[in-house]
Structures are given as structure tokens and as C-alpha cells.
Amino acid sequence: MYDLIIIGSGPAGLSAAVYGRRAGFSTLVIEKNPMSGGQVLNTYEVDNYLGLPGINGFDMGMKFREHAEKMRAEFVEADVTGIRDEGDHKTVLTDGTAYEGRAVIIASGAVHSRLGVPGEEELSGMGVSYCATCDGAFFRGKTVAVVGGGDVAVEDAIFLARTCEKVYLIHRRDSLRAARSLQQTMLALPNVEVIWDSVVERISGEDMVQSLSLRSKKTGEASELPVQGVFIAVGIRPNSEAFTGNIAADEKGYLIAGEDCATSMPGVYAAGDIRTKRLRQIVTAVADGANAVESAQGWLLTQ
């Protein structure tokens, strides 16, 4: 029986592990992947985390893991399939073993939807990005493209237009799904151009993105668009399937939890990208890990 079980070892989970051990809790971290760090592992350079400008994402993930290990948090590799509420404790079910804990923090994160085209994975972190606020500063004065048609895509185009020479918004339909006010703001920008009814078929480049292969959905015509970066904003999916059966979630699958990270199941907390929140960044995930432990500590004192 552990005091605290943490599901996931991205920034939120590892922060929770550090704070859990500092609180004196026996702490188990369950991670399904061979390495800790979450999405940060796929980030070539992180330039917006306080005190560590320009750190390689992989190095950051390793530093976070080393810190948690130094605090003597326990780690096990397993895929969590669900949580069972046993009243005075929780049973975390995995694909191999069940683990019991008095409190649980779910920090299993989210994944960006991908285009699934050639070059996307190979050039990820080398011009292919899924976060304009994270990586936009690296493309100052350059020509970039945003793929998508919702609020996030249009917001990304507006954000990038502040510093990029030219921004193309590529959308597979002839109208955008984004809020009308956002569309009006973006379409008024002189350095933003919308490419309608088009899909990306390939991302090309040697070491860095150099161009996109496009195809018109109306005419079938193929074209090549020279860009130095592409920001893919076609959706994000929380890794919450194992928990939504007995923990409240919103219509997109994010676990409903406020700044205290408390979910609808007493003694279970959601931290990082998996919970309902406005900004999903490394710094907010780390803060969630600390808040979740603080809330869990208060709850455990009442048991």
C-alpha cells in the first residue's frame, strides 16, 4: 500500500513525485513508456522554461526524472487500464499488476493529433511543431505554415504573425471552424494568407523543414509551398480513456478538475495536460504536480 500513486511521468507526474516525497509519502510512479518526460522528449529546444533557456527537451526530461529518483520515488513500467475506488484506498489496475494507494494523481498527459504524412515524424522538432507558443520564437522573421481550421489554428496564425515574415494557414475546407472574432482578426493581418481546400501530403527538408507538398481537394492540383516551419493544429487528445468510465470528464475527454486538481473521485487528482485548463505548457504542468500533492495531503489528513 502506497501513500501516493502517480500515473504518468511527464513534467506534471515528476513534479508530483518530488513534492510527494518531500511530504514524506511513499510514492510510486507508473509510466507506460520506457522513458520519462512525456511530450517534452520530442521537443528539440525549450526556450520558455524559467531559468533553463534553450535546453534540449530530452535533457529536460532526464533532469526531471533524475530529480524524482534522487528523492527516492519508486518507478514501474506498466500501462494503466483503470482505477477502482475501494473507499479508504484506490486500486490502480495495469496490464500486469494491480497497485494499491491511499491517493492517486493522474498525470498521463495528452497527445497532439498528427497529420500522418511522410516527413512529419522525421522532422518533428526540426521545423515541425505542435505548439506555436512553445516554438514560435525560433521562427522570427521566417516563413511558416499553420495547418488547421479551428480556434487553436487561427490563434496560432495570429500569434506567429507578430514575429514571422509570412504565415500561411492551410485548411482542408472552404470555411473555418474558429470563432468569428478570431477569423476577423486573422484575416485583417497583412502577412497572413489562407490556402483553402488544401491538404498537406508531404513535409520535406534536409535536417530542417524546407517545403510542404500540397494538393487541392477541389481540383486535385499539386503544388509546393516553401516554408521554414509548420505548426500542426488539428486537435489534441487527452490520454484519459482508462479513467472516463468512473471519473467525470468534459466532452473532449479532459478530466474535470480545477486548480486544486481534485476530480469527481475523492482522493484522485488530475495534473497536467489531462485536466481541464486554459494553458497547457511545461510550467503549468509542473505547477499542477505541486498543487495535486498539496490537495492529496489535505485529503489524506482527513482519512
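The values are calculated or read from the model by the stated rules, or taken from the named source; none is laboratory data. Note that the coordinates shown come from a computational prediction; the quantities given were computed from them, not determined experimentally. Positions of Cβ are backbone-derived with ideal geometry, glycine not excepted, and every protein chain shown enters the neighbour counts.
Observations
- When D135 is tested against (1) closer than 25 Å to A287 by Cβ; (2) outside the structural domain of Q228 (by TED's automatic domain parsing), just one condition goes unmet, and that condition is (2).
- For first residues located in the range 172-191 and under 21 Å from S213 (Cα atoms), partners that are among the hydroxyl-bearing types (S, T, Y) and lie 6+ apart or on another chain with Cβ distances below 9 Å form the pairs R172/S198.
- Filtering the range 14-26 to residues that are in contact with a Ser or Thr (Cβ under 8 Å, 6 or more places away or on another chain) and either modelled with pLDDT under 95 or not aliphatic (A, V, I, L, M) (or both) leaves G20, R21.
- The one condition in (1) in a helix (DSSP H, G or I); (2) touching a strand residue (DSSP E or B) at 6+ places or on another chain (Cβ under 6 Å); (3) surrounded by 24 or more Cβ atoms within 10 Å (Cβ to Cβ) that S9 fails to fulfil: (1)
- Test: E206 is over 23 Å from the mean Cα position of the chain (by Cα), of a type in the set (D, E) and modelled with pLDDT under 95: yes
- Residue within the range 179-196 that is among the basic types (K, R) and under 22 Å from E120 (Cβ atoms) present: no
- Across the range 145-162, not a single residue is classified as farther than 20 Å from H112 by Cβ, in contact with a Lys or Arg (Cβ under 8 Å, 6 or more places away or on another chain) and outside the structural domain of L41 (by TED's automatic domain parsing).
- For the range 93-112, the criterion of a residue being in a loop (DSSP other than H, G, I, E, B) and aliphatic (A, V, I, L, M) is satisfied by at least one position.
- The criterion of being modelled with pLDDT of 95 or more and closer than 30 Å to I30 by Cβ does not hold for I195.
- Meeting the requirement of 3 or more residues that are modelled with pLDDT of 95 or more, surrounded by fewer than 18 Cβ atoms within 10 Å (Cβ to Cβ) and not assigned by TED's automatic domain parsing to the domain that holds V92, the strands (runs of 3 or more DSSP E) wholly within the range 217-303 are 222-226.
- Residues of the range 41-62 that are loosely packed, with under 15 Cβ neighbours inside 10 Å and either over 18 Å from the mean Cα position of the chain (by Cα) or under 26 Å from G101 (Cβ atoms) (or both): L50, G51, L52, P53, G54.
- Count of the range 181-206 residues which are of a type outside the set (D, E, K, R) and in contact with a strand residue (DSSP E or B) (Cβ under 9 Å, 6 or more places away or on another chain): 14
- The range 233-249 residues that are on the phi > 0 side of the Ramachandran plot, paired with ones that are part of a loop (DSSP other than H, G, I, E, B) (beta carbon under 7 Å, 6 or more apart): G235/S113
- Scanning the range 250-303 for residues that are within 26 Å of K63 (Cα to Cα), touching a residue at least 40 places away in the same chain (Cβ under 8 Å) and of a type in the set (V, I, T) yields I274, I282, V283, V286, V293.
- Any hit, the range 26-36, residues being buried (at least 20 other Cβ atoms within 10 Å of the Cβ), among the hydroxyl-bearing types (S, T, Y), more than 24 Å from S264 (Cα to Cα) and free of Cβ contacts under 8 Å to residues at least 40 places away in the same chain: yes
- Boolean, S211 is more than 16 Å from A233 (Cβ to Cβ), without any contact (Cβ under 8 Å) to a residue 40 or more places away in the chain and of a type outside the set (A, V, I, L, M, F, W, C): yes
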